[in-house]
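The structure appears right after this line, and notes come after that.
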Amino acid sequence: MKTAGRIHPVYAEMERTVFDRMSALAREHGAINLGQGFPDGPPPPALIEAAGRALREKSNQYPPGPGLMELREAICGYYARRQGLALLAEQVTVTSGATEALAAAVFAFVKPGDEVILFQPAYDAYAPLVRRAGGIPVSIPLAPPHFRYRAEALASAITPQTRALMFNDPLNPAGTVASHEELAMMARACVEHDLIAICDEVWEDVRFDRVPHRSLMGFPGMAERTVKIGSAGKIFGLTGWKIGWMIADGHLATALARAHQFLTFATAVPLQWAVAEGLLLPDDVLEGQRTEWRAARERLKAGLAQAGYEVLPNAATWFLTVDLAASGIALTDRAFSERAVVEAGVASVPISALYEGEDVPEHLVRFCFTKPADVLDDAVERLARFRRELTG
Ligand code: PMP
Ligand code: GLN
């Protein structure tokens, strides 16, 4: 069969994701993997116990497509408690990770020719999903080191064809958080131009600034135009479970559920039971894990600084960003990441992989810190040696 011309152009030249590629390189070279984001520590025992119980005692057949009612209710309870949002279970669709929710939201609301605003660095799934739906991604670059959102940049990107924006707060890979003013500005623009906000809030509960997360959904005029996306993978540090969800008002929620039913229809049911139990746990259970992550963040930050690496400010996520140029390293981020995994035995993520177009910063690499202390110490030692070799 002739394959040329049969493959959708979005997939014709597509590479494996930078996260998967760096993890494969880490395995190949036996490197410490600070690339793809996942914690190495033990998951909350209550969730493992609940998943085991669900496997043994509950049905292992198809759950309702939009998700177990118990989980949808637990998600609403969680957001009422932690973010003051008043949501109904009918507004929630459970998905196979936030990735599926992003796909469903784009497929539900982006039509051929629609422009969708993305902020760069952007999670790598966004632009291909928009293009696969026939939409046109319009990217607004955010400038390091603070990655702030500017009203003028947003205003000049909006055209009569703009239908939606995709907004990731807290922001992966930068680890920064939008201010109240930035959120209010974004909300005003969405209302004024009648845009749908696809809000990727998977990092909402991985914050170290002790400020409660605020969803764009809670701003005036936003409830009816926001898709709020979350992930148990991040809340509980269980990335392999791939349980996520999307929440929206009335008609939007119906469209999302329709998109979901022909992407995956339903999601692993024993894990849905376990996540439902997890979301009902008292907040101090989660706090234990947060305390460990906070300590790991301080450890890697101090170690990298000691080794001569310039670390950018970070308030959230599992990631620290290093400025190579300011660290005296004259390599592009891609060259650094590719050499470091082989020569130093440490995998990282080059941040330029999450930008498209011109003026892409090529001096930033991301390191995941949610690893045991001895692993972080070993990684720092390797990176210190590597920097000495590079800077002579
Ligand atoms: N969005 C962002 C910003 C992410 O960082 C991630 C995962 N790291 C996802 C979406 C995907 O989440 P999930 O694994 O639940 O599909
Ligand atoms: N989002 C994760 C990260 O930033 C990776 C997810 C994936 O590999 N698909 O590392």
Inset, instruction - Could you figure out which of (1) part of a loop (DSSP other than H, G, I, E, B); (2) farther than 29 Å from residue 372 by Cβ isn't true of residue 237? - result: (2)
Legend entry - Scan of segment 340-392 for residues that are within 16 Å of ligand 2 (Cβ to nearest atom) and among the charged types (D, E, K, R), ordered by number: 366, 371
Inset, instruction - Evaluate segment 194-204: report whether one residue or more is in a loop (DSSP other than H, G, I, E, B), within 13 Å of ligand 1 (Cβ to nearest atom) and free of Cβ contacts under 8 Å to residues at least 60 places away in the same chain. - result: yes
Legend entry - So residue 131, is it at pLDDT 95 or above, over 27 Å from residue 333 (Cβ atoms) and surrounded by fewer than 21 Cβ atoms within 10 Å (Cβ to Cβ): no
Inset, instruction - Of the conditions (1) within 16 Å of ligand 2 (Cβ to nearest atom); (2) without any contact (Cβ under 8 Å) to a residue 60 or more places away in the chain, residue 238 clears all except one; give me its number. - result: (2)
Legend entry - Identity of the residue in segment 217-244, within 8 Å of ligand 1 (Cβ to nearest atom) and of a type in the set (D, E, K, R), that ends up farthest from the chain's Cα centre (by Cα): 242
Inset, instruction - Search segment 206-223 for residues being modelled with pLDDT of 95 or more and aliphatic (A, V, I, L, M), and hand back the single one that is nearest to ligand 2 (Cβ to nearest atom). - result: 206
Inset, instruction - Please work out which one of (1) crowded, with 24+ Cβ neighbours inside 10 Å; (2) touching a residue at least 40 places away in the same chain (Cβ under 8 Å); (3) away from ligand 2 (no atom under 16 Å from the Cβ) is the condition residue 226 fails and give its number. - result: (2)
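Helices (runs of 4 or more DSSP H) wholly in segment 1-98 with at least 1 residues that are touching a Gly at 6+ places or on another chain (Cβ under 8 Å) and farther than 22 Å from residue 281 by Cα - which ones?
Details: elements: 9-12, 18-29, 45-57, 69-83.
Helices (runs of 4 or more DSSP H) meeting the threshold: 18-29.
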Inset, instruction - Sort out which residues of segment 30-56 are farther than 25 Å from residue 375 by Cβ and either within 15 Å of ligand 2 (Cβ to nearest atom) or buried (at least 18 other Cβ atoms within 10 Å of the Cβ) (or both), and write them in order of number. - result: 50, 51, 54
Inset, instruction - Could you please find all residues in segment 170-220 being among the acidic types (Asp, Glu) and over 17 Å from residue 84 (Cα atoms)? - result: 181, 182, 192, 194, 200, 209
Legend entry - Residue in segment 182-192 that is crowded, with 20+ Cβ neighbours inside 10 Å and within 16 Å of ligand 1 (Cβ to nearest atom) present: no
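The values are calculated or read from the model by the stated rules, or taken from the named source; none is laboratory data. From a predicted model like this one, the values you see are computed outputs, not experimental measurements. Here the Cβ is made from the backbone with ideal geometry for all residues, glycine too, and neighbour counts use every protein chain on show.
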